[in-house]
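Written below as structure tokens is the structure these notes are about.
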Amino acid sequence: MSGRKPRSVANPLESAITTPSERILKECHSLYVDSENGLVKIASSLGVRLLPPRKKIIVMIMGNHSAGKSSFINWYVEEHIQKTGVAIETQGFTFITSGRKRESLTGNATLHLYPHFRPLLEFKGVTDYLSAEISTSKQKKFSLVTFVDTPGLVDGDMIYPFDVNRAIAWFGEQADLVFVFFDPMGQALCKRTLNIVESLSEKCGDKLLFYLSKADEAGKETDRQRVMMQIVQELCRRPGLNKCGFEMPTIYIPNPQKPSRCVNQIEGVCQTIEKTINQAVQKTLNQLEKDCDLICSNISNRLAQDRVDAGYNRSVRLHSALCGLLGVSLPVLFILSFIVHTFSKEELDDLLGEGLARTLSVSAGIVVYLWGWIPEDGQVVFVIIFGAFCYLLLFLAKYFARQGNTTLTKKEKRSLAEYSDYIQDVVKTKKGKLYEWYLQQCAAEYDF
């Protein structure tokens with residue numbers, strides 16, 4: 001046998017990470033989902049719900065059918081993943097993302113892969129038309145992007161198996177970017193598309209970007225300008241879309257065999273995606289700091305409240321002890337006074353000693369003297385009232401004993417202190433290093 005050992009990859013996942021942004025997002029994500037000291041676990045123990053940040057941005061592409069949505073995704077990934085054609089090829093929602101193995105997932109598996117989208121279960125019929133395509137491609141910035149290919153939209157009697165308008169609007173709210181593709185072949189003014197776009201514009205207009213797709217098929221430059229004018233006029237008729245600074249770059253899939261004089265701004269789409277990725281990194285790092293501060297604040301509040309509860313418990317225990325002591329000692333002293341009064345001074349001295357006997361004699365004398373002031377016909381009433389008063393004291397003692405608040409155990413307080421130290425010393429330190437590392441990628445060395 002050959003003595004040469006097979007070469008093994010120490011960490012295939014790490015070897016697949018090629019960009020600083022991807023590594024930063026992965027590091028931030030691991031700080032949240034770590035099984036022992038993850039921020040999600042720590043926050044959950046404090047009653048705070050945190051979601052781990054996404055490791056990729058979400059780019060949703062919408063438009064009428066045959067607008068070139070799937071073709072753009074195939075071009076960006078540089079792999080034929082989505083079906084393309086004039087017919088309606090995409091009938092549901094498809095996630096296209098990068099991974100270690102080429103795989104196709106159905107609805108349930110897709111929701112396990114993207115837990116952020118579990119609210120889709122509330123949309124009747126959507127999960128049956130939900131799928132994911134995992135590609136091994138690392139082209140462009142695909143390793144940091146998840147595309148959402150939406151159903152082709154048409155007007156008329158077309159019946160969708162789910163509420164497509166509401167579903168696309170919900171997806172748009174979750175996405176980081178929403179690309180709206182208008183094609184120049186007669187379907188650009190699809191009312192269903194414009195209705196959804198108008199709805200999205202009200203909630204997340206900063207995410208919307210419009211493109212004239214398949215611009216090379218629009219004919220001459222004058223034809224292209226005419227199509228763009230028609231689209232702009234239709235958009236301007238809708239109050240929600242009539243905004244200043246409107247842009248609609250022309251894009252098409254470059255084909256060396258079919259050169260075109262039309263200006264192709266498809267590289268600008270790639271730049272937009274890259275810019276959004278950089279913003280996502282910054283947002284993730286900022287959110288990490290906010291979540292750390294939130295957890296530390298909750299820990300501080302929990303410990304402060306525990307100190308208040310401990311002080312309150314000491315107070316109610318003192319009240320309980322006083323009431324209980326009085327409730328028992330008063331009737332014992334009352335009965336004991338009459339018993340002591342039956343003994344002579346010499347007998348008490350012999351039994352208890354001179355000092356204690358003198359004290360008991362004085363106390364008993366006072367009680368008997370006060371008892372003598374009570375008329376005989378009122379003594380029974382006094383005993384009943386006195387007994388009720390002693391019972392009330394015992395009841396109050398029991399009541400105060402139940403009023404104590406639950407406090408943290410020593411183990412719980414130690415655990416909270418360890419969590420706080422871990423966040424301050426480990427998580428925030430790591431966040432600072434990640435931010436510095438990120439800035440080093442884009443700023444000059446002398447800036448630091």
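The numbers here are math on the coordinates, done by the rules we state, and not lab data. This structure is a prediction, so every number in the text was calculated from the model and none was measured. For neighbour counting, all protein chains shown are included, and Cβ atoms are generated from backbone atoms with ideal geometry for every residue, glycine included.
Here are a few things to note about the model shown:
- Structure-based [θ]222 nm, the chain - -39500 (n - 2.57) summed over DSSP H runs of at least 4, per residue, nearest 500: -18000 deg cm²/dmol
- Between helix 428-442 and the chain: long-axis angle, C-alpha atoms, 0 to 90°, nearest 10: 20 degrees
- Percent of C-alpha pairs per 10 Å bin, region 301-448, short to long: 9, 19, 16, 14, 11, 9, 7, 5, 5, 4, 0
- Our Cα-only numbers for region 363-448 put the radius of gyration and Dmax at 34.9, 103 Å.
- Rounded FRET efficiency, nearest 0.05, which uses the C-beta distance separating K290 from A321 and R0 of 51 Å: 0.65
- Value of Rg to Rh for region 60-142 (Rh from inverse mean 1/r over Cα pairs, i.e. Kirkwood): 0.96
- Simple spin-label estimate for V380 and T19 in nanometres, 7 Å along Cα-Cβ: 9.7 nm
- HN-Hα J in Hz across region 63-71 - Karplus 6.51, -1.76, 1.60, θ = phi - 60°, x for Gly and Pro: x, 6, 5, 6, 8, x, 5, 5, 5
- Qualifying trypsin sites (Lys or Arg not before Pro) for region 249-335 [loop in DSSP, other Cβ within 10 Å: at most 12]: R261
- Semi-axes of the equivalent ellipsoid for region 282-346, computed as √(5λ) from the eigenvalues of its C-alpha gyration tensor and ordered from largest down, come to 62, 7, 4 Å.
- Shown here for region 245-340: chymotrypsin sites (Phe, Trp or Tyr not before Pro) in loop regions (DSSP other than H, G, I, E, B) with at most 14 other Cβ atoms within 10 Å, namely F246.
- A straight chain from Q441 to T359 at 0.36 nm per residue would run longer than the Cα-Cα distance by 20.6 nm.
- For the chain, excluding the exposed loop sites themselves (GluC sites (Glu not before Pro), DSSP loop, at most 10 other Cβ atoms within 10 Å), the longest remaining stretch covers 37-246.
- For the pair E267 and A388, the difference between a 0.36 nm per residue extended length and the Cα-Cα distance amounts to 34.5 nm.
- Counting all C-alpha pairs of the chain, share separated by more than 35 Å (%): 55 percent
- Residue-span extension gain [R118 to R314] - 0.36 nm each, minus C-alpha spacing: 65.8 nm
- Distance between the modelled labels on E247 and Q91, one decimal in nanometres: 3.8 nm (7 Å Cα→Cβ projection).
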